[in-house]
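S.K.: What follows is a structure written as structure tokens; I'll ask about it next.
Please treat every number below as a calculation from the coordinates, not as lab data. Small disclaimer: the values here were computed from a predicted structure and weren't measured. All Cβ positions, even for glycine, are placed from backbone atoms using ideal geometry, and neighbour counts span all protein chains on display.
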Amino acid sequence: MSHLLRHCVAALILVTLANTAHGHGLVPMLLKLEQIDDLHLRVSLKSGVTVAQTPTPVFPETCTPSAPQRTMAKEAHWTIWQLRCDEPPYSISLPGLGEYQAVAQYHSPGEPTHSSLLDAHSPVFQFKASGDWLGTLIRTAHSGIIHLLAGWDHLLFVIGLTLWLRRGKPLVLAITSFTLGHSLTLALAASGIIRFPVTLAEIAIAASLLAMAFQLNRGTLKQPSRATVLLLPLGFGLLHGLGFANVLNTQGLSGNDLIITLLGFNLGLELGQLLCVAAVLLVIFGMKHHIQRLQSIAVYSIGSMAVFWMWERALLLAV
């Protein structure tokens, strides 16, 4: 493949990615359900996206909602309904979430808060499902898989890591180290123990992609040291965990709800990560006679997207 053709292929890939790729900036919503008495329920929906992009809850047929009241808060808006129900409601749905997620919380006097993560595939909140830990685990695991496979910044890093090492033991060590890193910061950030500005975390994640492109450009002729294989992915995993936590944004999950949500979401991330690694290894095997050309395309694609995302996210700091 000539240098001109190689650049053309890389440019085509970049155009495709620029039009379809998004980072991990899915903005969760908060659906807050407060039981006032046996007949009345207060429903509040907090959203960080536009009113047009914010779905409207579908209330039970036995409940009559009041006219919605809208208020603006910092970087978000609230919509509030008062419901009068002829009988206790069993569920409320939030259809039309699309790429977004919502944390639903149910508060009833004298009872523990029940929380659940909603998305386009599981938009229904069950009031009486507080013990359905398996269902919550499955839903959050599915959300983790979808997030990793749809979040191109994380996905490109895993692709670059796989192309860089390609070998059994070093690759296993690197993926394990990356997993430990993002699992740690995901748990710490989602539980509120550490806080880090979202935009700075996203810029750092883009910078990790650029560093991976440079590392990939050095080729694989020289075997990297064990320390490099372990510490480089670990450090970048710590950064990516902040991005994962920004997506999850538990907004008040605690206790068992927080543990199950973190466990399921992280399990989904790992399953998506393994799918990505397997797919890249399959491509490497199928193109083993053209591996250097494949690696060159990856260097151009990952490096260029990293620079684009760093520039795009840095602009948010000036807003």
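S.K.: Whole angstrom only: what separates the Cα centroid of the stretch 151-210 from the Cα centroid of the stretch 39-94?
M.R.: Measuring centre to centre over Cα atoms gives 36 Å.
S.K.: How long is the gain from R195 to N217 if the chain were fully straight, where each residue apart is worth 0.36 nm and the alpha carbon distance is subtracted?
M.R.: Extra length from R195 to N217 when fully extended: 4.6 nm.
S.K.: Quick one: which of 204-217, 80-93 comes out on top by average Cβ neighbours within 10 Å, and what's the full order, highest first?
M.R.: Answer by packing, highest mean first, reads 204-217, 80-93.
S.K.: Once label points are set 7 Å from the Cα along Cα→Cβ at both W311 and Q69, what is their separation, rounded to one decimal in nm?
M.R.: Distance between the two pseudo-spin positions: 4.7 nm.
S.K.: What net charge is computed for the residues neighbouring T79, neighbours being all others with C-beta under 15 Å from the C-beta of T79, Lys and Arg scored +1, Asp and Glu -1?
M.R.: Once positives and negatives cancel, what remains is +3.
S.K.: Just to be sure I understand the model, the point goes 7 Å from the Cα along the line to the Cβ. What's the resulting W78 to L281 distance in nm?
M.R.: Between W78 and L281, the label points sit 5.1 nm apart.
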